[in-house]
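To start, the structure under review is shown below, and the notes come after it.
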Amino acid sequence: MNKSPSWIGVLLVGVVLALFAGFVIWWKWPPPIINTALSSYKEATRDALVATADPYGDVADTIVYLDQGWTPAESMDFYTHTQGSRLLPYPWFLALEQPANERPFREPANITRLRYLPQKANAINPDALPVGFVKDPKRPGGQEDWLGMNCAACHTTQVNYQKVGYRIDGGPTMADHETFLNELTLALKNTLADSAKFERFAAKVLPKDHTDADKSKLQARLGKMFQFRSEFDARNRSNSPYGFARLDAFGRILNELFVHDLGVTAEGQGQVADAPVSYPFLWDTPHHDFVQWNAIAANKIGGSETLGALTRNVGEVIGVFGEVDIPQPGAPAPLLGYNSSVRVPDLIDTEKLLRKLESPQWPKAFPPIDEGQRQKGEKLFATYCLACHAEINRTDPNREVKANQTLLIAVRTDPAMATNFGNRHGKTGPLAGKKAAVLVGNPLGDDASGVAVLSHTVLGVILNTPFNGYKESDLLEVRKPVTFALFGGLLNSLVYKGRPLNGIWATAPYLHNGSVPNLWQLLLPAEKRDAQFYVGRREFDPKNVGFKTEAFTGGFLFRTTDEAGKPIRGNSNAGHEYGTGKKAIDGGDDLRPLTDDERWQLVEYLKSL
């Protein structure tokens, strides 16, 4: 069932960053953002704002944090640390109204409806931005600061039970990112079209003594931003809405790179982003050898954890509104690599913080775990699950997680995410003829794979970063020459990775594409799983282990098929049917089918991880 990884396309690179080891390039980036207010921050609730009037009927009177190895200050650092994301000019976001009314777009009720997590104002977050929404400093020569997003926006969640909201650091967000962006674009459009809206917006953004000429300039800038955001939404369209808790991140990263960053608009350069996945949970991530659902990102490169983590995190920023300046032929270019908005030293800081994050444990206020059932489930887990889902010590600072990659043909879950990424290619435009690894390697052709173009660009961003103001000792691994594979380079990239399941209780819905509502159904044959269910509630179901899925006003109906009965690409809930008695794809027989009693025993054990 499981296949060992093999390797191709290993990019041999002599990283000449060692040439810069003896001096500091001082004229570009400031040092990492350090908020001095963090040093004394001790608020146990992390200033979480309780949504007293949840639009979907969820109720939480108080917010509680579980022990995940982080202090309140470290959680708050995760929520507010910038990384170089540039979604909208910061003053504009503070002033922008919702599309159909005069209320602020950022008001807690709207943020809660979109299922991001609202916060109170404090010295660290004076404008009460939601979790993971950050103020990104302007680039050299820029006009103002920008609103961006960091890892926490997509990797922090809340689980409600008996009027208590449990905030889970590193957990998959319930947010509807697609709707958030579409409504943000609509808000810009309506601000342009409605003179009263624009006047209110201008009064908040411009100085009190502004002139009509100032308003005309603002209106022109607003029009350009609306056009840019509209184009972003269009090139990252999906044929079927993702809904809550899912996003085609890889599809969007490659669309932004191939179309926007390269400036190539050839037919087929942008592709439909139709492979949404659940947001992965982040605990243990820095301890894995390979990450992402399809295991394409190496966490260590040439023995360097710092450089390995940077390659995946820089790629993430490119997809989450980061800017990369790739010069067109004949245009002025930097000496090495590419200018960008990506704040590499801050990414290093965040990765160090994530190394301390531990998985959440089943809360004491939840129904107690049945110890007898748990012990029986543990034995079943060793027989049916352990080969793919290794057990680890969740608190060991030196824990390591080895890749266990299962071919699509064996796991039989929805193939769209892995096949979209593995088969993606496009015109290279200004990168044609550039060395694959910026400094060395074969030149890129007129057409190249997504892996090759993303690897080249990520390395170019890292090479161009001067790291001024950063401790030299923290960057030795990046600066010394190394030999590495930027991304996994699997011979057969059509795989999904099995990972440890500690904390799995807090990460519904399940399978990589969020197509199964709870752990109980995950253990059933595919034909017995719900083919449709509602997503968007935070209310927890401790028996089946997932969120409540009954119909509710404003909820998103996840469906495996459309109204005509045709399968929706990316939404299959098939596969992962171990213990159901179905014949294995390699011709051997699966283990005997589990009984329902045994499935409940397994569920009880999974709660305890």
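The values are calculated or read from the model by the stated rules, or taken from the named source; none is laboratory data. This is a predicted model, so every value here is computed, not measured. All Cβ positions, glycine included, derive from the backbone under ideal geometry; neighbour counts span all protein chains shown. Accessible surface is based on the protein model in full, side chains and every heavy atom, while ligands, DNA and RNA are left aside. Shrake-Rupley method; radii C 1.70, N 1.55, O 1.52, S 1.80 Å.
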- Note on the structure: Sorting Met225, Met149 on solvent-accessible surface, 1.4 Å probe, most exposed first, gives Met225, Met149
- Query: Measuring with a 1.4 Å probe in the full set of protein chains, what accessible area per residue, in whole Å², belongs to the range 515-609?
  - Reply: 46
- Using the heavy atoms of the protein chains and a 1.4 angstrom probe, tell me the accessible area per residue for the range 301-356 in square angstrom. 32
- Task: Taking H placed 1.01 Å from N in the peptide plane, check which residues at least 5 places from Thr428 or on another chain put their amide H under 5 Å from its amide H.
- Result: Asp447, Ala448
- Task: Determine the distance separating the Cα centre of the range 201-267 from the Cα centre of the range 354-378; give it in Å without decimals.
- Result: 43
- Query: So if R0 is 30 Å, what FRET efficiency would Lys356 and Lys163 give, r being the distance between their Cβ atoms, rounded to the nearest 0.05?
  - Reply: 0.50
- Set of aspartates and glutamates near Lys215 by C-alpha distance (under 16 Å), chain-local residues within fewer than 8 positions excluded: Asp194, Glu199
- Within the accessible area of the chain (1.4 Å probe), percent carbon and sulfur: 54
- Scalar couplings 3J(HN,Hα) for the range 497-507 by Karplus 6.51 cos²θ - 1.76 cosθ + 1.60 (θ = phi - 60°), nearest whole Hz, x for Gly and Pro, are 9, x, 10, x, 10, 5, x, 4, 4, 9, 10
- Note on the structure: Sorted on mean Cβ neighbours within 10 Å (highest first), peptides 572-578, 198-204 come out as 572-578, 198-204
- Convex hull over the alpha-carbon atoms of the range 344-444: what's its volume per residue in Å³? 235
- Residues meeting the amide H criterion for Thr561 (H placed from the backbone, H to H distance under 5 Å, 5 or more places apart or on another chain) are Ile568
- Task: Compute the length gained on full extension between Thr52 and Glu527: take 0.36 nm times their separation in residues and subtract their Cα-Cα distance, giving the result in nm to one decimal.
- Result: 167.1 nm
- Query: Under a 1.4 Å probe, what is the accessible area of the range 132-256 per residue, stated in Å²?
  - Reply: 39
- Message: Once each part is reduced to its C-alpha centroid, what is the distance from the range 49-120 to the range 126-184 in angstrom?
- Response: 6
- Query: Where does each of 43-51, 121-129 land if you order them by average Cβ count within 10 Å, highest first?
  - Reply: 43-51, 121-129
- Note on the structure: Calculated from DSSP helices alone, with each H run of at least 4 adding -39500 (n - 2.57) and the total divided by the residues of the chain, [θ]222 nm to the nearest 500 comes to -8500 deg cm²/dmol
- Item | Share of pairwise Cα separations in the chain, more than 49 Å, in percent | 9
- Note on the structure: Taking placed amide H atoms and a strict 5 Å upper bound, the residues 5 or more places from Ala531 or on another chain that come that close are none
